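Novice: For reference, the structure I am asking about is given below.
FYI, it's all coordinate maths here, none of it is from the lab. Just so it is clear, the model here is predicted, and its values are computed rather than measured. Here the Cβ positions follow ideal geometry from the backbone for every residue, glycine too, while neighbour counts run over all protein chains shown.
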Amino acid sequence: MQVRFSPIIPTIASFLLAALWGLSVFAGWGLEAFCADGESVCAQRLSTASTVSGLVAALAACCTAAAWLLPPARHDVRLFGRLMGAGVAAWVVAEGVLFLGGLLARRP
């Protein structure tokens, strides 16, 4: 028995993770969470973590876009699922890198 999911479920998950990552990096949520004391060294370290996380986030965005924009992916359910799964997994990794980088940035 094969269980099928609507393609909107991983798409919404991808967009929510992208929004969380974007707000953490660009709207200052990461700075507020990890460098609230205003220490510039912490902010510099978090900036480095954000850059590394951004590379993974770019991969996640490409996988999500490829799943919806490439004709072979739109016509093959398995390929679409693989691309969306890779995109969601990459967003989770990008969030994890940002979180771990934030924890390391707080260290003296």
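Novice: Using the per-residue mean of other Cβ atoms lying within 10 Å as a proxy for protection, in what order, highest first, do the peptides 19-30, 95-106 fall?
Specialist: Numbers: 19-30: 15.9, 95-106: 17.6.
Peptide ranking by packing, descending: 95-106, 19-30.
Novice: To continue, here is another question. Could you give the distance between the Cα centres of segment 5-32 and segment 77-108, to the whole Å?
Specialist: 10
Novice: Hey, what's the Cα Rg ratio for segment 51-108 versus the globular rule of thumb, 2.2 N^0.38 Å? All intermediate terms of the calculation are to be shown ahead of the outcome.
Specialist: Details: Rg = 14.3 Å, N = 58, 2.2 N^0.38 = 10.3 Å.
It is 1.39.
Novice: So, with +1 on the Cβ of K and R and -1 on the Cβ of D and E, and no other charges, what is the size of the charge dipole of the chain about its Cα centre, to the nearest 20 debye? Walk me through the numbers before you get to the answer.
Specialist: Numbers: 7 positive and 5 negative charges, 78 e Å.
Magnitude of the dipole: close to 380 debye.
Novice: For the chain, what relative contact order do you get, as a whole percent, if you take Cα pairs closer than 8 Å and at least 6 residues apart?
Specialist: Details: 105 pairs, mean separation 40.5, N = 108.
Result for the chain is 38 percent.
Novice: Do you know the relative contact order of segment 47-108, to the nearest whole percent, from alpha carbon pairs under 8 angstrom that are 6+ apart? Don't skip to the answer; put the middle values down first.
Specialist: Working: 54 pairs, mean separation 27.1, N = 62.
Value for segment 47-108: 44 percent.
Novice: A further question on this structure: Extent of the chain along each principal axis, from alpha carbon coordinates, in Å, largest to smallest?
Specialist: Extents along the principal axes, in whole Å: 53, 24, 20.
Novice: Turning to a different aspect of this structure: Which Cα, out of SER47, PHE80, VAL93, lies furthest along the positive dipole direction of the chain (beta carbon charges, K/R +1, D/E -1)?
Specialist: Result: PHE80, furthest along the dipole toward the positive end.
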